[in-house]
Amino acid sequence: MAKTAILFADNDPDFLNTRTEFLENAGYRVLKAYTLKQARQLLTEAHVHLAILDIRMVDDDDEKDTSGLTLARDPTYRSAPKIILTNFPTYQDVRAALGPVVDGLPPAVDFLAKREGPEAMIQAVERALARHVRINQDLQIHWDQQEPLSFLHLVNLLSSDLSNEVLTHWAGELEDLVRRLFYEYRHIRIGRLLWHHDRRLCVPVLAQSSQGATDSRILVCGEREQLVQESERMRELAPETTEGTKWVSTKKTIHLGATIYRLPNADIETVQPLREMFRRGKERPLKTAIGYLLKEVLGTWHQRGQTLEETHGLMSLYRQWVGLERDGLSQTEVERRANALIQAVRPLSAVEIEHSNGLITFHFPNLEPVTCPDPIATLYTPLERYGPPVVCRLSPGRLTADNILVDARRQAWLTDFACAGQAPQWWDFVCLEAVIRFDLSQAPDLMAWQEFEECLVRPARLFDRLKERDVISDLKTSVVLIEQIRRQAGSETGPDPLPYYAGLLAWTVGALVGYNLDGFYTQVERMRMAHLIMASAMLARRLRETFPLPQAGSTLRLDEKGSLWIGEHRINDLSGQELALLRCLYERRGQLVGRQVVVESVFREPYQPGDDLQESRINSLIRRLRVKIEPNPNRPRYILTVKGKGYRLQVGHQSDA
Amino acid sequence: MQAIDQNDYSVIIIDAGAVRDAALLASRLRAQRLEARVVIATSSPTWQRARKALQAGAADYIRKSLNEKELRAKIQAVLKVPPPPWPR
């Protein structure tokens, strides 16, 4: 444990040096600042337990110079207690220094006249430290023996862009925080890292009091403001049940904050993230844990009542939840990033991904290609049927494979409340399914993922059984767990799967956009990206099959301005060539239109029988148009193929049967 | 003290000249865990007494000679800030 560090700021060098000697003789480490700028810099960069500030830091003869007091009142440095020291004490300065208390501390905790002497100063320092810097100097800190960490390592995870010197100071601050949070204890053992993201991290702590009693705690630490907001949010929103994660205490320094939580009835030594439990692959314990999480943990959050979001529609809310509505992140930028990722994963295995004209096509060897609409465009198309208003429920925030903890008794706890708040009622289920579907499941190739995704996007109701026999054995457990999640989602939100699929689409696009385009990725990571691209495209196709495209019975027409209508829906995302093809077919609706007519009127070039390139262009154009207008492009109801001859446009409804 | 026991107040103003030790009284009131903010008013303010009063838990230390408008402003300022934590 390092010595207590005191920042001492005074513009009188003789006085500062003399008094520093007294403090050093009393056992303190003194950081001297002769100017206001130095004082500010040390408060910003160094690890300071207590600050002693002169009032007149600029000009001793200027009555109006209260620069030291101004620094003491700066909210940035509020969490470090301060003592004001002056040659010119007035009761007005005392009032300004010692009150009011904001955020637990007044601007200064004591006020001294320089003429009161060094002994009074040392006593004031001791008082301030005892009362406001309650650090457990006797706490024995032990680290996990198999995966030992250190405060330096933890701080580096929180903020990897710090210089070595600042990193050392922050590590000292973090150690102080831990010694303050575990003030009543004698020993603590800090376990292995459970998760770290967004400049926060989480570790389990086993604490032993001087009487020998042990307590299990979870420590979450990170940058100060973020941590403080998270803890306030959690305390305000978390359901008051006997089960579930409980807030114990939050402490902060100038830069960092830390919170300890209690996990009632948890066996902290066997607690592990959901990811590790999944790795062991045993279906029954996983089902029990997911069941507990759904009913006993998430259920209690959801039961705290529902609200109606009146302003934003469902897609807009989902985009907010996955971080796509941040400043400066436009739809064009999201499209740019998604396109770049598609390019990056292209040379992957035997599957070719083709992305053009607003369509994504997956070419599998020896199989029909799978063509889907652009997932980004779909994500930015409002689902008007689903609000506003949108039914929202209280969500604990972001669920990941690492921030959900499970113990040997299959009880589950949450540990990350940074995003807790009202979310569309499907959101927690969507996140949990996405964790299993995209983070935890493993498949050898894209073919296996395609079968898996087909199985998951097929159901017409959330309660429907998933056909796990269609997927490879490695993915069967995932299918069983996803079915369990959807059953609970269906019982809370109703059977309609479309708003649920829309949430999954948002989650996948959010995950894709989260990738750093300049990053270096392994084959496994690129396979995950390809899986996300495929899933997002198939979800988009599933949504476009039903919405906003027409229901059975709709007729197709081109109006006098040349716009395409299907039922009451105007289709306005057709390219020039697609519209030309449609016009060609529409003018001959109900009749057989040969390939020659298509080539000559759409491509405006002579028809060359047997020209593979021309054939392929016709096929591709027909497929693109079908994806945009057909409820199910694989079973067309408007553009029918007349085998070996050409196409026929059927403008009225033709039964699926 | 009788009046304090019988009623709830948002602010209690103590005339430092009317009691033997205004800071001690302020700390006793804080120890009783009253919600009221305690303001000490004095005709002869000094920095030492101001320090003692504020460290004892007084929300403010003011001159008695304030006019009504100034006093109203001080009380409003005191009411805006939550009371300091009760002593442990």
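The values are calculated or read from the model by the stated rules, or taken from the named source; none is laboratory data. The structure presented is a predicted model; accordingly, all values stated were derived computationally and were not measured. Note: ideal-geometry Cβ built from the backbone for every residue, glycine included; neighbour counts use all protein chains shown. Just the protein is used for accessible areas: all its heavy atoms, side chains included, with ligands, DNA and RNA removed. Shrake-Rupley method; radii C 1.70, N 1.55, O 1.52, S 1.80 Å.
Structure above, values below:
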{"item": "Buried solvent-accessible surface, both chains (A, B), 1.4 Å probe, Å² to nearest 100", "result": "1400"}
{"item": "Estimated dipole of chain B in Debye, rounded to 20 [Cβ of Lys and Arg +1, of Asp and Glu -1, Cα centre]", "result": "320"}
{"item": "Magnitude of the charge dipole, segment A:140-269, Cβ model with Lys/Arg +1 and Asp/Glu -1, debye to 20", "result": "240"}
{"item": "Top positive-direction residue, dipole computed over chain A with Cβ charges, set A:GLN320, A:PRO89, A:SER616", "result": "A:SER616"}
{"item": "Separation of alpha-carbon centers, segment A:243-275 and segment A:392-411, rounded to whole Å", "result": "13"}
{"item": "Estimated distance in nm for a label pair at A:GLU560 and A:ALA460, the labels positioned 7 Å out from Cα along Cα-to-Cβ", "result": "4.0"}
{"item": "Probe 1.4 Å, all protein chains present, accessible-area order of A:LEU193, A:LEU329, largest first", "result": "A:LEU193, A:LEU329"}
{"item": "Heavy atoms of A:ILE376: accessible area, 1.4 Å probe, square angstrom to 10", "result": "10"}
{"item": "Net charge of Cβ neighbours under 12 Å - reference A:TYR34; Lys, Arg +1; Asp, Glu -1", "result": "-2"}
{"item": "Within the accessible area of segment A:5-132 (1.4 Å probe), percent carbon and sulfur", "result": "48"}
{"item": "Environment charge at A:ALA72 (Cβ cut-off 10 Å; Lys +1, Arg +1, Asp -1, Glu -1)", "result": "+2"}
{"item": "Probe 1.4 Å, accessible area per residue of chain A, Å²", "result": "44"}
{"item": "Sites A:GLN38 and B:ARG63 - FRET efficiency at Förster radius 45 Å, r taken between beta-carbons, to 0.05", "result": "0.80"}
{"item": "Inter-chain Cβ neighbour average for residues B:52-60, partner chain, 10 Å", "result": "4"}
{"item": "Options A:ASN156, A:SER356, A:LEU543, ranked by Cα towards positive dipole end of chain A, top entry (Cβ charges)", "result": "A:LEU543"}
{"item": "Chain A: relative contact order as a whole-number percent, Cα under 8 Å and 6+ apart", "result": "9"}
{"item": "Cα-based reach from A:LYS628 at 16 Å (exclusive), listing aspartates and glutamates while leaving out same-chain residues under 8 positions away", "result": "A:ASP374, A:GLU545, A:GLU568, A:ASP573, A:GLU578"}
{"item": "Shielding by partners - mean other protein chain Cβ count within 10 Å, residues of B:38-51", "result": "4"}
{"item": "Cα shape, segment B:2-80, gyration tensor, a/c 1.5 rule", "result": "oblate"}
{"item": "R0 of 45 Å, Cβ-Cβ distance A:ARG604-A:GLU451: FRET efficiency to nearest 0.05", "result": "0.60"}
{"item": "Cβ-Cβ FRET estimate between A:GLN442 and A:PHE520, R0 fixed at 25 Å, reported to 0.05", "result": "0.70"}
{"item": "Estimated 222 nm signal from helices in chain A, with DSSP H stretches of n ≥ 4 weighted -39500 (n - 2.57), rounded to 500", "result": "-12000 deg cm²/dmol"}
{"item": "Per DSSP, loop trypsin sites (Lys or Arg not before Pro) in segment A:1-97 with at most 14 further Cβ within 10 Å", "result": "A:LYS3, A:LYS64"}
{"item": "Prolate/oblate/rounded call for segment A:379-472, Cα gyration tensor, a/c under 1.5 rounded", "result": "oblate"}
{"item": "Separation of alpha-carbon centers, segment A:56-108 and segment A:291-333, rounded to whole Å", "result": "44"}
{"item": "Cut-off under 5 Å, modelled amide H: who pairs with A:ASP374 long-range", "result": "A:ILE360"}
{"item": "Hits among aspartates and glutamates - C-alpha to C-alpha of A:LYS287 under 12 Å, sequence gap 8 or more where chains match", "result": "A:GLU483"}
{"item": "Cα-centred dipole magnitude for the protein assembly as shown, charges only on beta-carbon of K, R (+1) and D, E (-1), debye, nearest 20", "result": "1500"}
{"item": "Too-long pairs where the Cα-Cα distance tops 24 Å, listed order kept, from A:LYS37/A:LYS82; A:LYS64/B:LYS74; A:LYS3/A:LYS252; A:LYS251/A:LYS295; A:LYS82/A:LYS252; A:LYS64/B:LYS80", "result": "A:LYS251/A:LYS295; A:LYS64/B:LYS80"}
{"item": "With all protein chains modelled, accessible area of A:LEU512 [1.4 Å, Å²]", "result": "10"}
{"item": "Chymotrypsin sites (Phe, Trp or Tyr not before Pro) restricted to DSSP loop in segment A:249-305 with at most 16 other C-beta within 10 Å", "result": "none"}
{"item": "Full-extension gain in nm, A:THR270 to A:GLU147, via 0.36 nm per residue minus C-alpha separation", "result": "42.8 nm"}
{"item": "Prolate/oblate/rounded label for segment A:140-269 (Cα gyration tensor, a/c 1.5)", "result": "oblate"}
{"item": "Estimated distance in nm for a label pair at B:GLU70 and A:GLN650, the labels positioned 7 Å out from Cα along Cα-to-Cβ", "result": "9.2"}
{"item": "For segment A:484-551 and segment A:453-475, distance of Cα centres in Å", "result": "14"}
{"item": "Trypsin sites (Lys or Arg not before Pro) restricted to segment A:553-616 and DSSP loop, no more than 13 other C-beta within 10 Å", "result": "A:LYS561, A:ARG604"}
